[in-house]
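Attaching a single structure in structure tokens format; questions to follow.
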Amino acid sequence: MKFTINRNLFIENLNNVMRAISSRATIPILSGIKLDLTEDKLTLTGSDTDISIEIQIPVNDDLNVESTGSIVLPARFFSEIVKKLPGKDFSFEVKESFQTQIISENSEFTINGLDANNYPRLPEIPDAASFTISGKTFREIINETQFATSNDQTRAILTGVRFFFSPDKIKAVATDSHRLSQRTIALENGPQAETDLIIPGKSLQELARIIGEADPEVKVCPGDNQALFVIGNLSFYSRLLDGNYPDTDRLIPTEKTTSVEFDISELSSALERASLLTHAGRNNVVTLTLDIENQSAKLSGKSAEIGNVEEDVSFRNLEGNNLEISFNPDYLRDALRASVTDSVIMSFTKPLRPFIINPDKEDIEFVQLITPVRTY
């Protein structure tokens with residue numbers, strides 16, 4: 001196996017494959033990166049069993065093939081070597097006993113590789129049920145829900161985001177049982193049949209980073225226990241979570257007794273200041289007091305070790321019943337960060353019942369829910 005390639009082109013693709021490689025791989029060979037060279041393309045593969053990434057670099061002026069073959073190399077060392085090579089191009093040659101020589105200008109490395117035949121095969125996912133979605137839309141809905149997934153592996157199903165794809169819309173919901181985020185966005189060319197997938201939050205994080213700020217077309221291929229996402233020359237495989245996701249629709253209140261509209265930047269700043277003290281204490285809780293008669297909204301927090309803070313927060317509209325409610329400020333701050341409008345409407349029923357946060361525009365289907373904290 002021997003080829004010469006443009007170093008910048010290789011690094012650009014290598015960086016994406018490295019996202020799938022864990023430093024704590026349970027299978028030793030998965031700490032490596034697989035390179036497979038044919039007459040017409042170079043394929044790079046990385047996997048940590050949860051996600052796998054495969055990238056194909058076609059043979060062109062930047063990639064010259066002398067002899068085909070395959071090898072698995074230790075990913076971290078190989079990546080560091082290539083990034084620090086001096087030249088514009090480098091040559092790569094596999095010699096006897098999987099020893100691999102990398103040369104660029106005056107620099108020459110030899111590293112030990114492994115037999116690529118021992119590398120696990122990627123799943124074969126048919127594209128009969130595949131459909132395409134705008135990368136911008138997909139990244140947006142990931143960023144608006146993924147943060148609300150759980151990190152608790154004892155309820156593994158909650159570590160994922162549940163996606164409902166239908167011909168005309170995509171609906172995603174995530175909850176860690178203390179908060180919830182649900183977003184629905186219209187689709188132009190969704191799947192012909194409704195598709196229900198629960199995708200791990202960590203997989204979605206990496207997928208959103210790969211999609212980036214551009215708007216590439218993403219091809220979605222649902223499988224039985226894996227899903228494949230194709231973006232240009234990159235194939236991203238994610239395992240799917242199996243189990244019964246809770247019926248989250250019944251958690252969202254349909255009535256309200258109090259509502260208030262806040263400017264997001266004003267409320268976020270007030271939360272930051274209140275959190276300075278609450279983060280220092282054992283109980284990270286702030287209290288929102290809404291007074292209808294005096295038309296006031298107060299945010300307060302205290303730490304037994306340091307002191308307390310109280311602040312009047314400006315608002316646009318306040319109606320209903322007086323209310324005092326306590327909650328984790330980080331949950332609300334995450335919810336505001338994910339919001340898509342400049343102001344939000346917070347709706348309440350009772351001090352110990354979950355409250356919801358909606359955009360101030362009715363045509364945007366986005367609801368977030370936070371469970372309050374009992375302080376007495």
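Less than 14 Å Cβ to Cβ from V309, Lys/Arg counted +1 and Asp/Glu -1: what total charge do the surrounding residues give?
Working: positive: R273, K298, K302; negative: E272, E305, E310, E311, D312.
Charge balance in the 14 Å sphere: -2.
Now, a different point. So what's the range 81-209 giving for Rg/Rh, alpha carbon basis, Kirkwood Rh from the mean inverse pair distance?
On the way: Rg = 21.7 Å, Rh = 18.4 Å.
Result for the range 81-209 is an Rg/Rh of 1.18.
So with the 1.4 Å probe, I'd like the accessible area per residue for the range 218-266, rounded to whole Å². Write down the numbers at each step before the final one.
On the way: 2430 Å² over 49 residues.
Computed with neighbouring chains in place, this is 50 Å² per residue.
Could you rank T254, T371, T45 by how accessible they are, 1.4 Å probe, largest area first? List each step's numbers first, then the result.
Working: T254 135, T371 45, T45 10 Å².
Result of the area sort, largest leading: T254, T371, T45.
Right, here's the next one. Check T349: other-chain or 5+ apart residues with amide H under 5 Å from its amide H, H built from backbone geometry?
Those lying under 5 Å, H to H, from T349 are T257.
Tabulate in residue order the Karplus-calculated ³J(HN,Hα) for the range 249-257, using 6.51 cos²θ - 1.76 cosθ + 1.60 with θ = phi - 60°, rounded to whole Hz; enter x for Gly and Pro.
4, 6, 7, 7, x, 9, 10, 8, 10
Please list the non-local residues whose amide H lies under 5 Å from the amide H of G113, H modeled 1.01 Å from N, same-chain partners needing a gap of 5 or more.
Distant-sequence amide H within range of G113: Q99, T100.
Follow-up. Find how much the distance from D342 to K2 grows on full extension, using 0.36 nm per residue of separation minus their present alpha carbon separation; answer in nm with one decimal. Show your work: numbers first, answer last.
Details: separation 340, 0.36 × 340 = 122.40 nm, distance 5.55 nm.
Computed gain between D342 and K2 is 116.9 nm.
Taking R0 as 45 Å, what's the FRET efficiency between E217 and R374 from their Cβ-Cβ distance, rounded to 0.05? Before the final figure, lay out the partial values.
On the way: r = 48 Å, r/R0 = 1.07.
About 0.40, to the nearest 0.05.
Averaged per residue, what accessible area in Å² does the range 1-70 show with a 1.4 Å probe, protein chains only? Don't skip to the answer; put the middle values down first.
On the way: 3170 Å² over 70 residues.
Per-residue value: 45 Å².
A further question on this structure: With a cut-off of at most 13 other beta carbons within 10 Å, and DSSP calling the residue loop, which GluC sites (Glu not before Pro) in the range 294-376 qualify? Please list them. Mind dumping the intermediate values first?
Working: sites: E305, E310, E311, E319, E324, E362, E365; in loops: E305, E362.
Passing sites in the range 294-376 are E305, E362.
Residues of the range 66-89 with amide nitrogen under 20 Å from the 7 Å Cα-to-Cβ point of N106?
Flagged as within label range: 81-89.
Then there is this: If you average the alpha carbon positions of the range 28-70 and of the range 172-216, how far apart do those two centres end up, in angstrom?
Taking the Cα centre of the range 172-216 as reference, the centre of the range 28-70 is 28 Å away.
Can you report the principal axis dimensions of the chain using only the alpha carbons, biggest first, rounded to whole angstrom?
83, 52, 36
Once neighbouring chains are kept in place and the probe is 1.4 Å, which whole percent of the accessible area of the chain is contributed by carbon and sulfur? Present the calculation step by step, with values, prior to reporting the outcome.
On the way: 8080 of 19040 Å².
C and S fraction of accessible area: 42 percent.
Can you send over the solvent-accessible area of M18, 1.4 Å probe, protein chains only, in Å² to the nearest 10?
Its heavy atoms expose roughly 50 Å² to the probe.
Select from the range 116-180 those GluC sites (Glu not before Pro) which occupy a DSSP coil region and have at most 13 other Cβ atoms within 10 Å, ordered by residue number.
Values: sites: E124, E140, E144; in loops: E124, E144.
Sparse-neighbourhood loop GluC sites (Glu not before Pro): E124.
The values are calculated or read from the model by the stated rules, or taken from the named source; none is laboratory data. As the structure is a prediction and not an experimental result, all values here were calculated from the model. Reconstructed Cβ throughout: ideal geometry from the backbone, glycine too, with neighbour counts over all protein chains shown. Side chains included, ligands, DNA and RNA excluded: accessible areas come from the protein's heavy atoms. Shrake-Rupley method; radii C 1.70, N 1.55, O 1.52, S 1.80 Å.
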